[in-house]
Amino acid sequence: MLRILLVSTRPETLRAFIEGLASDPDVRLDQAGTGKEALDAVRNAFPHLAIVDSELPDTEPLSLVSKLIEVNAMVNTAVLSPLSEHEFHEASEGLGVLSSLPLMPGRRDANELLRKLRDVLGFVG
């Protein structure tokens with residue numbers, strides 16, 4: 001079972017992406033709306049992946065990624081970002097972010113992210 005935490009205040013806007021993740025029978029998807037909720041979830045639920053939206057009410061996305069890996073160095077992260085691939089790589093260097101995602105990811109993005117996560121974790125499926 002892959003445990004995934006989506007940190008976002010816009011689940012309606014991300015519906016296709018969420019449906020893509022949730023349609024996988026091996027995924028348990030939890031949601032948080034703030035950085036604080038995300039930190040609590042990583043402390044208590046030990047997700048395999050935390051997906052951080054570009055705008056949160058209480059923190060910046062890459063700042064949250066840094067805090068998440070301080071709490072649990074084993075959590076993989078992905079970030080929804082408006083930056084180009086190169087700009088994102090420069091901004092997130094050293095944080096070990098698994099993937100950047102477009103601001104409006106869809107089912108295809110969800111499937112690709114799950115493939116990357118399984119590759120990193122060595123899960124078959």
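None of the figures in this text is laboratory data; all of them are computed from the coordinates on show. Note that the coordinates shown come from a computational prediction; the quantities given were computed from them, not determined experimentally. Counting neighbours? That spans all protein chains shown, and the Cβs are built from the backbone with ideal geometry, glycine included.
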Report summary line: Within region 55-110, the count of residues that are over 18 Å from Asp40 (Cβ atoms), exposed (fewer than 15 other Cβ atoms within 10 Å of the Cβ) and of a type in the set (S, T, N, Q) comes to 1
Report summary line: Within region 1-42, residues part of a loop (DSSP other than H, G, I, E, B) and aliphatic (A, V, I, L, M) come out as Met1, Leu14
Query raised in the report: Considering only region 3-17, how many residues are over 11 Å from the mean Cα position of the chain (by Cα) and touching a residue at least 60 places away in the same chain (Cβ under 8 Å)?
Result: 4
Report task. For residues that are hydroxyl-bearing (Ser, Thr, Tyr) and either over 16 Å from Leu83 (Cβ atoms) or outside any loop (DSSP other than H, G, I, E, B) (or both), tally how many sit in region 43-58. Result -> 0
Query raised in the report: Any idea how many residues of region 98-122 are touching a strand residue (DSSP E or B) at 6+ places or on another chain (Cβ under 7 Å), assigned to a helix (DSSP H, G or I) and among the small types (Gly, Ala, Ser)?
Result: 0
**Report entry** Count of region 59-95 residues which are in contact with a helix residue (DSSP H, G or I) (Cβ under 7 Å, 6 or more places away or on another chain) and assigned to a loop (DSSP other than H, G, I, E, B)
**Finding:** 6
